[in-house]
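Peer 1: To start, I am sharing the structure in question, which I have written as structure tokens.
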Amino acid sequence: MQPQNALLSATGTTIFTVMSALANQHQAINLGQGFPDYDGPEDVVRAAADALLDGRNQYPPMTGLPELRQAVSAHAKRFYGIDADPNAEVIVTSGATEAITACLMAVLNPGDECVLIEPLYDTYLPVVKLLGAIPKLVRLSPPHWELPRAELAAAFGPKTKAILFNTPMNPTGKVFTAAELAFIADLIARHDCYAICDEVYEHLTFDGWKHIPLMTLPGMRERCMRIGSAGKTFSLTGWKVGYITCDKSLAGNVTKAHQNLTFTTPPNLQRGVAVGLMKDDAYFAGLSSHLEHKRDRLAAGLARLGFGVLETKGTYFITTDVRPLGWNGDDVSFCRTLTEEAKVTAIPNTAFYATEGAPNHYVRFAFCKGDALLDQALARMEAWLAARGRAPMAAVGG
Ligand code: PMP
Ligand code: GLN
């Protein structure tokens, strides 16, 4: 038999699936893969359920139900002052995952360079490579994850076609500042390229941090493809409804990519998401304060147990340094041992790096869980640490 696609043959199963399977195998509390253990808003779910029963079960328009495109446009105007024509500048996709691929397909030719920022979300690199484009990786470093400006500038060149970046950022919990965004915008304008903006955690920011879409910066309106996800904004990760807002000059190619990927997205779920995006401001404020409390609960508990807890300004995730526990192995062995012995699952941060020399003592915990489950996970880890007596882990610290 001839060899199959070389890139896919070389790609492993995503860490989220690997760790969730391990969690199931060991009946562990799964703080790995980022999904809430509670349901989304009742009215949103009800609208989708009603739309299943009222005959909306055939192909919707390719770019999305008119009512959802209207809602995406109104939401962009309400929160960011973005004017987007719902009939020409909004495309509904089957999750942000499809949206990311569609936007990359819309602009990249084989041989084009695409700037990516490590640590990075798992789908970015495989898709860039499958399109025959050349990834140019720039790394953020813990604990503050500041943008290394000189390195970022050096990653842009005459072959750069696009940058794909994520704010608020998974797994770091970083929210890019206005100054960092201005620096990125300047590079994009100077090198005449595009930006694919993964903003799925746009409403999940804490401590007064505000998400700023790159698209709102001067000169960026025509260059940015802004991506949102109902999974994150309505705590309905299984729905896989995403939405892209971009200039009409880009929307044509984005739509053709979508046409060839999935063509349409379930109409009943789209109906629910349209209701969700029209919810009042209190809903969106409540979502972030609800998660901010969970972040505080888990962060305080992990710090009490001796983890080094990094700051989280947004997303579902806390990054922790396991060295202060005295752990003398790497992040992968830590997560495996934690699942098997403590019955709590987390994600090793090296999974978010593609190049050599990644820091290998950081571990990501998801806090989008009921308070009782978070407390139970902390109690299990406390008992585990006590039982280990710290001795086997003390080698590094001496
Ligand atoms: N981007 C990032 C940074 C994510 O964390 C996720 C996680 N779900 C996605 C994209 C994919 O979103 P969706 O589930 O809507 O495909
Ligand atoms: N975005 C989620 C996370 O980072 C998982 C998504 C997935 O499983 N593909 O944990």
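Peer 1: How long, wide and thick is segment 1-127, going by the Cα atoms along their three principal axes, in whole angstroms, largest first?
Peer 2: That works out to 46, 45, 36 Å along the principal axes.
Peer 1: Over the Cα atoms of the chain, Rg to Rh with Kirkwood Rh, two decimal places? Don't skip to the answer; put the middle values down first.
Peer 2: Values: Rg = 21.1 Å, Rh = 21.8 Å.
Rounded to two decimals, Rg/Rh equals 0.97.
Peer 1: Write down Rg/Rh for segment 236-391, rounded to two decimals, with Rg from the C-alpha atoms and Rh from the Kirkwood relation over Cα pairs.
Peer 2: Numbers: Rg = 20.2 Å, Rh = 18.6 Å.
Using Cα coordinates only, the ratio equals 1.08.
Peer 1: Would you please give the FRET efficiency between R46 and E311, computed as 1/(1 + (r/R0)^6) with r the Cβ-Cβ distance and R0 = 30 Å, to the nearest 0.05? Walk me through the intermediate numbers first.
Peer 2: Details: r = 37 Å, r/R0 = 1.25.
Step by step, r from the Cβ atoms, then E = 0.20.
Peer 1: For segment 24-120, which chymotrypsin sites (Phe, Trp or Tyr not before Pro) are both in a DSSP coil and crowded by at most 13 other Cβ atoms within 10 Å? Please report the intermediate quantities before stating the final value.
Peer 2: Working: sites: Y38, F79, Y80; in loops: Y38.
Listed in order of number, the matching sites are Y38.
Peer 1: Then there's this: Report, in deg cm²/dmol and to the nearest 500, the calculated mean residue ellipticity at 222 nm for the chain, where each DSSP H run with n ≥ 4 adds -39500 (n - 2.57) and the sum is divided by the residue count. Display every interim value, and only then the final one.
Peer 2: Working: 14 runs with 162 residues, N = 398.
Result for the chain: -12500 deg cm²/dmol, rounded to the nearest 500.
Peer 1: Per q in 0.11, 0.12, 0.25 1/Å, what log10 I(q)/I(0) does a Debye calculation on the alpha-carbon atoms of segment 86-184 return?
Peer 2: -0.35, -0.42, -1.40
Peer 1: For segment 179-321, what is the convex hull (Cα atoms) projected area averaged across all directions, in square nanometres?
Peer 2: Details: hull surface 43.1 nm².
Average projection, Cα convex hull of segment 179-321: 10.8 nm².
Peer 1: Compute the length gained on full extension between A387 and I134: take 0.36 nm times their separation in residues and subtract their Cα-Cα distance, giving the result in nm to one decimal.
Peer 2: Details: separation 253, 0.36 × 253 = 91.08 nm, distance 4.82 nm.
Extending this stretch completely gives an extra 86.3 nm.
Peer 1: Continuing with this model, one more query. Just the number: Rg to Rh for segment 3-49, Cα atoms, Kirkwood Rh, two decimals. Please report the intermediate quantities before stating the final value.
Peer 2: Details: Rg = 16.8 Å, Rh = 13.8 Å.
Value, to two decimals: 1.22.
Peer 1: Now for a separate question. Label points 7 Å out from Cα along the Cβ direction at N24 and M278: separation in nm?
Peer 2: 3.8 nm
Peer 1: Residue separation times 0.36 nm, minus the C-alpha to C-alpha distance between F263 and R190: what's the value? Before the final figure, lay out the partial values.
Peer 2: Values: separation 73, 0.36 × 73 = 26.28 nm, distance 3.44 nm.
Taking F263 through R190 to full extension adds about 22.8 nm, to one decimal.
Peer 1: For F183 and E67, FRET efficiency with R0 = 56 Å and r from the beta-carbon atoms, rounded to 0.05? Can you show the working numbers first?
Peer 2: Working: r = 38 Å, r/R0 = 0.68.
About 0.90, to the nearest 0.05.
Peer 1: Once you place label points 7 Å from the Cα toward the Cβ at N360 and M1, how far apart are they in nm?
Peer 2: For the pair N360/M1, the computed spacing is 3.3 nm.
Peer 1: With only alpha-carbon atoms counted, please give the Rg and Dmax of segment 318-391, in Å.
Peer 2: Every Cα atom of segment 318-391 included, Rg and Dmax give 12.6, 39 Å.
Peer 1: By its C-alpha gyration tensor, with a ≥ b ≥ c as the square roots of the eigenvalues, how is segment 210-281 shaped: rounded for a/c under 1.5, else prolate for a/b larger than b/c, else oblate?
Peer 2: Numbers: a/c = 2.37, a/b = 1.18, b/c = 2.01.
It is oblate, given that a/c is not under 1.5 and a/b is not larger than b/c.
Peer 1: Simple spin-label model, 7 Å along Cα-to-Cβ: A303 to A74 in nm?
Peer 2: 4.1 nm
Peer 1: Mind checking the alpha-carbon convex hull of segment 195-243 and giving the volume per residue in Å³?
Peer 2: On the way: hull volume 3.3 nm³, N = 49.
In segment 195-243, the Cα hull volume divided by residue count equals 68 Å³.
Peer 1: Give me the number: length gained by fully extending S289 to R149, i.e. 0.36 nm times residue separation minus the C-alpha to C-alpha distance, one decimal in nm. Walk me through the intermediate numbers first.
Peer 2: Working: separation 140, 0.36 × 140 = 50.40 nm, distance 3.19 nm.
Fully extending the segment from S289 to R149 adds 47.2 nm.
Peer 1: Across segment 197-352, how many lysine pairs, 8 or more positions apart or on different chains, have C-alpha atoms separated by under 28 Å? Please give the number.
Peer 2: 25
Read the figures in this text as sums done on the coordinates, not as results from a lab. These figures come from a predicted structure and were not determined experimentally. Here the Cβ is made from the backbone with ideal geometry for all residues, glycine too, and neighbour counts use every protein chain on show.
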